Amino acid sequence: MNNFKSIAALLLLVCFGACKDGAKTTYLPQSTGAINSLVVVMDNQLWKGEVGDKVREHFAASVVGLNMSEPLFTITYMPESVFSGAIQKSRLVLLVAKGRESKVGIKNDVYAGPQSLAIITGTSVQEINANIDAKAEEIIKTYKDLEINEQQKRFKISLNKELVLKEKFGISLDIPSAYKVGSQKENFVWIDRQVPKGAMNLIVYTMPENAFDNDTTFVQDILSMRDSIGSINIPGEDIPDKKNYMVSERNFAPHIYPSEIAGLKAAEVRGLWEMNNYPMGGPYLMYIINDKERNRKLIIEGFIFAPATQKRDNMFELEAIIKTLRFQ
């Protein structure tokens, strides 16, 4: 326990102390870890008690908008005594300690690069938990931003060279080469990638500039738009005497957040889709981008069909792709 406190104090010095001589680390090893993997370091007694519960409440909370429960981060817990060597190179690290100070901070590239190391301390369990409650959202955003950058860096190794998005919409996306253009019309492009038991999909289209201007019907207008686009462009299995196409799942209201893509204001929509006459469905992530310069709303949506499989990281990849948006 004393050793843990001494290491925690050292990390506090790193995280909160000023570097007065201006010296900078000239070399750091490459960070490691699967996307959305988090190493949590704390005393075993804390982990098994209220503090561990509080960490799991925030950092292992269910991802919004999925049709099955999956955690924000896959957590690997360890006591300080084994936090050494290769594991210190993990890209995401959360250190929690009970000590003589109450502090929360985030430090980049402590043991490896890129890396985000967050540290939370308190003089009591109650104080630690209060600090987690107060700062978890900020830490999660920092982690997620780093993971988006890491995901984008990984798929930039081999990109799709199709120019259809530039030709039709005047935009470009960094799309991995595994994705192929499956369908294109005057105002609609569908790009997909096959995965085990299903497919990952991206669709792009536009709407008039004044679409969704009525706040009182905003959610209903989004769902109606999706159903209209699905009925025309996203057919399902052939069923005798029935038209089968994608619609929005109406039993669960979509989650909508203000966002920004490529410097433009946008609405982020997370919800579930289904086929109207066939037992298929899954999650979707849509961005409605306010492209005033071109007098339009630009719609980019990612959706997945992969029954009985986890989808967190697939949806995260689609989000990372969409966030590479550039206007040509």
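Quick rundown of the values:
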{"item": "Among residues of the stretch 313-328, those that are touching a helix residue (DSSP H, G or I) at 6+ places or on another chain (Cβ under 9 Å), under 20 Å from residue 190 (Cβ atoms) and part of a helix (DSSP H, G or I), counted", "result": "4"}
{"item": "Output for the stretch 294-312, where each listed residue is modelled with pLDDT of 95 or more and surrounded by fewer than 17 Cβ atoms within 10 Å (Cβ to Cβ)", "result": "294, 295"}
{"item": "Scan of the stretch 150-184 for residues that are of a type outside the set (A, V, I, L, M, F, W, C) and assigned to a helix (DSSP H, G or I), ordered by number", "result": "150, 151, 152, 153, 154, 166, 167, 168"}
{"item": "Long-range neighbours under 6 Å by Cβ, at least six apart or interchain, first residue farther than 11 Å from residue 319 by Cβ and not assigned by TED's automatic domain parsing to the domain that holds residue 256 within the stretch 272-287, second assigned to a strand (DSSP E or B) and of a type in the set (A, V, I, L, M, F, W, C)", "result": "none"}
{"item": "Pair list, Cβ under 9 Å, 6 or more apart: the stretch 186-211 residue among the small types (Gly, Ala, Ser), other residue assigned to a loop (DSSP other than H, G, I, E, B)", "result": "198/306; 198/307; 198/309; 199/306"}
{"item": "Every residue from the stretch 170-187 that is surrounded by 15 or more Cβ atoms within 10 Å (Cβ to Cβ) and under 25 Å from the mean Cα position of the chain (by Cα)", "result": "171, 172, 173, 174, 175, 176, 179, 181"}
{"item": "Within the stretch 106-135, tally of residues that are under 16 Å from residue 59 (Cα atoms) and either in a loop (DSSP other than H, G, I, E, B) or touching a strand residue (DSSP E or B) at 6+ places or on another chain (Cβ under 9 Å) (or both)", "result": "13"}
{"item": "Selected residue [assigned by TED's automatic domain parsing to the domain that holds residue 74 and buried (at least 20 other Cβ atoms within 10 Å of the Cβ)] from 92, 146", "result": "92"}
{"item": "Which listed residue is without any contact (Cβ under 8 Å) to a residue 60 or more places away in the chain, closer than 18 Å to residue 42 by Cα, of a type outside the set (Ser, Thr, Tyr) and surrounded by 13 or more Cβ atoms within 10 Å (Cβ to Cβ), from 136, 118", "result": "118"}
{"item": "Among (1) closer than 26 Å to residue 312 by Cβ; (2) touching a helix residue (DSSP H, G or I) at 6+ places or on another chain (Cβ under 8 Å); (3) not hydroxyl-bearing (Ser, Thr, Tyr), the one test that residue 138 misses", "result": "(2)"}
{"item": "Filter result for residue 265 (assigned by TED's automatic domain parsing to the domain that holds residue 212 and farther than 15 Å from residue 299 by Cα)", "result": "no"}
{"item": "Unique match (being within 19 Å of the chain's Cα centre (by Cα), buried (at least 17 other Cβ atoms within 10 Å of the Cβ), part of a strand (DSSP E or B) and among the aromatic types (Phe, Trp, Tyr)) among 257, 205, 287", "result": "287"}
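The values are calculated or read from the model by the stated rules, or taken from the named source; none is laboratory data. Everything numeric here is computed off the predicted structure, so don't read it as measured data. All Cβ positions, glycine included, derive from the backbone under ideal geometry; neighbour counts span all protein chains shown.
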